[in-house]
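The values are calculated or read from the model by the stated rules, or taken from the named source; none is laboratory data. Just so we're clear, the structure is a prediction, and the values are computed from it rather than from any experiment. A quick note on method: Cβ atoms are made from the backbone with ideal geometry, for glycine too, and the neighbour counts reach across all protein chains shown.
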Amino acid sequence: MKVFLERFTGDTNEQESKELSFQDQLQRQVTAIYNLLSQLYGSDKLVLRAGKLEALQLMRSERIEERVLALQKLVFEDPTYEALPTIEEVPAILESLQDEIADNIARRTVEEELEKKIGEKMNQRHEDYIREIKMQIIKENAGPENAQTLKRLAILEKLDSKKLAASAMEILRPESFEEVIGQERAVKALLAKLASPFPQHIILYGPPGVGKTTAARLALEVSKGIKGAPFAKDAPFVEVDGTTLRWDPREVTNPLLGSVHDPIYQGARKDLAETGIPEPKLGLVTDAHGGILFIDEIGELDPALQNKLLKVLEDKRVFFDSAYYDSTDNNVPKYIKKIFEEGAPADFVLIGATTRDAEDINPAVRSRCAEVFFEPLTPTAIQGIIKQAAQKLKVEIDKQVPEIIAEYTIEGRKAINILADAYGLACFRQQQEQLEDKVYITKQDVYEVVQVSRLTPYVLNKASDEAEVGKIFGLGVAGYLGSVLEIEAVAFPARKQDQGNIRFNDTAGSMAKDSVFNAASVIRKITGEDIGNYDIHVNVVGGGRIDGPSAGVAIMLAMLSAIQTQPIPQDIAVTGEVSIQGKVRAVGGVFEKIYGAKQAGIKRVFIPKENIKDVPSDIKGIEVIPIQNVEEILKYILPKASSASIAS
């Protein structure tokens, strides 16, 4: 720095210094320092500085001592310097002044460099800030769209513009209860429980494809127009399938009841996540508030979720909780605070539908719900559905088409699908033949659909007007579907006296085998005939399994017919447990069994007298005869055996 300063002091070389006087050297050094200060501060600022420090007069003096004193005040910025230095002190003072000026120059240089860098950084920050604001303005004006998103939107809109014709199920779906065929009793019960000032939660039981979902949807529309019913005109009908309804036990997601998205791990809305506020997501129970929540296949719903749903049914609200919620946080929106503190409204009527047996449904759910049973569709009902569907499709059908379709299904939905497939074949044939007449569905169209779909007749066993020895129809039930069981027996004289045996197919079940031995005892009791004199083989045609004693009477009659070679009418069916004393005991599923018998063309059904209450009051097309013991049924079926019993 001194080298730098010496450039301004104009120090002469050694030869010149010797020729100048001591005072001249000092004078030159002082003048050089003033010149340096003038360059550093500027002439005007130097004068102003000298005036403030009371050094202006001293600076203009011709005496070296006074000018040096002025330099002390200017350089050290101290106006308290008053003592004039001696000429001998001047060199040392000048040396110190040079050091101070050098320090000031170095400090100023560093400060200038720092200020320059700071300025550059501030300019860079300013430019980045301006750029960020510009991008934000562009986003606000342009929105979230870009060329790629707009292209995808255009593709979706183009796809939306292409629409196929409505499906057959959409066109043929019933629009009123008058179009719901074969469920008059169930529809009446459903409306009675729903369209009242105090509607009940309901479970609908029944086989698939009989109209449970359609009836529930129509019931709400009818209830809206009934005076006193609590449903508003805009009451929602929220439908969900219990087989596909999934949830997380950790409550990360629960589409049925709702869940809470925490701000850190579960991706709450951005503005909420930034302030650490959890976001509640309302579920279907809140969407159904004031209306109906319909859960199809409610029996498939997760048991834990069913229990949570019961809590909502009791409280009529659904409550949320989160470790991130702070009730004292002023940043929490009012609606979120209301949800956490008061819960979300969930006052609705639950209608669940299931194809399971009532015993398979959660008892707690059943206890809170009224139960309505939908009936299996009879062939007559299926035929009515086909005729109604043909009118909606505006097609003509062969008069045998409804009867043929009724042979292959008991489901209304399946029947309509068969008709729709046959309609497609008829349209294709008409186009091939270039006909312009009204579409006509023939029985050949239906049979072709049956073949392509590999359908088999639903009712394989059919009644006949003939009578046969050792053969009778029993009745069984699986779920909500009744069916006839073809039971046959043959009897031969025993190879050895009193050593006859009884054979029965093992696949029918152990309880059915017990019924065989009970029947043997009853036959001996009422006829005096020793079963040991015969080898008897009893068989359930088709290998059907009998999960109970309900075929006891039918087995006894088949065995007795085979022993006495008395024919049995083939237009009757029998159900009931037989005791070893010959009494006919009550069995289950009588309602479904009667409908199964009707489908098979049975004209008379014999049931235990204890089951008379299970017979529908408006049953048509079949005669139901209650019996209390086997002697009563023998009068109808095997009169010879009945006479032998009386004689004995």
### Query
Is it true that Ile594 is in the same structural domain as Phe492 (by TED's automatic domain parsing), buried (at least 23 other Cβ atoms within 10 Å of the Cβ) and more than 44 Å from the chain's Cα centre (by Cα)?
no
With criteria (1) over 27 Å from the mean Cα position of the chain (by Cα); (2) not assigned by TED's automatic domain parsing to the domain that holds Arg368, Lys188 comes up short on (2)
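Just to be sure, is Leu301 touching a residue at least 12 places away in the same chain (Cβ under 8 Å), in the same structural domain as Gly290 (by TED's automatic domain parsing), out of contact with any Ser or Thr (no Cβ under 9 Å at 6 or more places or on another chain) and not acidic (Asp, Glu)?
Judged against the criteria, Leu301 is not a match.
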Checklist entry - Yes or no: Glu239 in contact with a Ser or Thr (Cβ under 6 Å, 6 or more places away or on another chain), within 25 Å of Phe319 (Cβ to Cβ) and not polar (S, T, N, Q)? => result no
Here the residues within segment 449-488 that are among the aliphatic types (A, V, I, L, M), in a strand (DSSP E or B) and under 53 Å from the mean Cα position of the chain (by Cα) are Ile472, Leu475, Val477, Ala478, Leu481, Val484, Leu485, Ile487
Here the residues within segment 29-47 that are free of Cβ contacts under 8 Å to residues at least 40 places away in the same chain and surrounded by 13 or more Cβ atoms within 10 Å (Cβ to Cβ) are Thr31, Ala32, Tyr34, Asn35, Ser38, Tyr41, Leu46, Val47
Checked segment 573-591 for anything surrounded by fewer than 23 Cβ atoms within 10 Å (Cβ to Cβ) and of a type in the set (A, V, I, L, M, F, W, C); matches are Ile580, Ala586, Phe591
Verdict on Ala562 being under 23 Å from Gly470 (Cβ atoms) and buried (at least 23 other Cβ atoms within 10 Å of the Cβ)
no
Over segment 510-524, the set of residues modelled with pLDDT under 85 and surrounded by fewer than 19 Cβ atoms within 10 Å (Cβ to Cβ) is Ser510, Met511, Lys513, Asp514, Phe517
Review point. Does Ile385 satisfy the condition of being assigned by TED's automatic domain parsing to the domain that holds Val260 and over 24 Å from Val260 (Cα atoms)?
Key: no
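Output the residue which, of all residues in segment 204-231 that are touching a residue at least 12 places away in the same chain (Cβ under 8 Å) and basic (Lys, Arg), is surrounded by the fewest Cβ atoms within 10 Å (Cβ to Cβ).
Arg217
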Would segment 602-611 turn up any residue that is among the acidic types (Asp, Glu), under 30 Å from Ile405 (Cβ atoms) and surrounded by fewer than 23 Cβ atoms within 10 Å (Cβ to Cβ)?
no
Within segment 442-471, residues at pLDDT below 90, in contact with a Phe, Trp or Tyr (Cβ under 9 Å, 6 or more places away or on another chain) and surrounded by 15 or more Cβ atoms within 10 Å (Cβ to Cβ) come out as Leu455, Tyr458, Asn461, Ala463
Selection over segment 87-117 where residues are among the basic types (Lys, Arg) and surrounded by 11 or more Cβ atoms within 10 Å (Cβ to Cβ) yields a count of 1
Next item on the list: Answer yes if at least one residue in segment 593-604 is of a type outside the set (Gly, Ala, Ser) and in a strand (DSSP E or B), and no otherwise.
Entry: yes
Note: among Glu120, Glu127, Glu157, just one is of a type in the set (D, E, K, R), in the same structural domain as Leu40 (by TED's automatic domain parsing) and exposed (fewer than 10 other Cβ atoms within 10 Å of the Cβ), namely Glu157
Cβ pairs under 7 Å, 6+ apart or interchain, first in segment 347-369 and in the same structural domain as Glu239 (by TED's automatic domain parsing) and closer than 22 Å to Pro230 by Cβ, second surrounded by 14 or more Cβ atoms within 10 Å (Cβ to Cβ) and among the charged types (D, E, K, R), ordered by first then second residue, are Ala353/Lys212; Ala353/Asp296; Ala353/Glu297
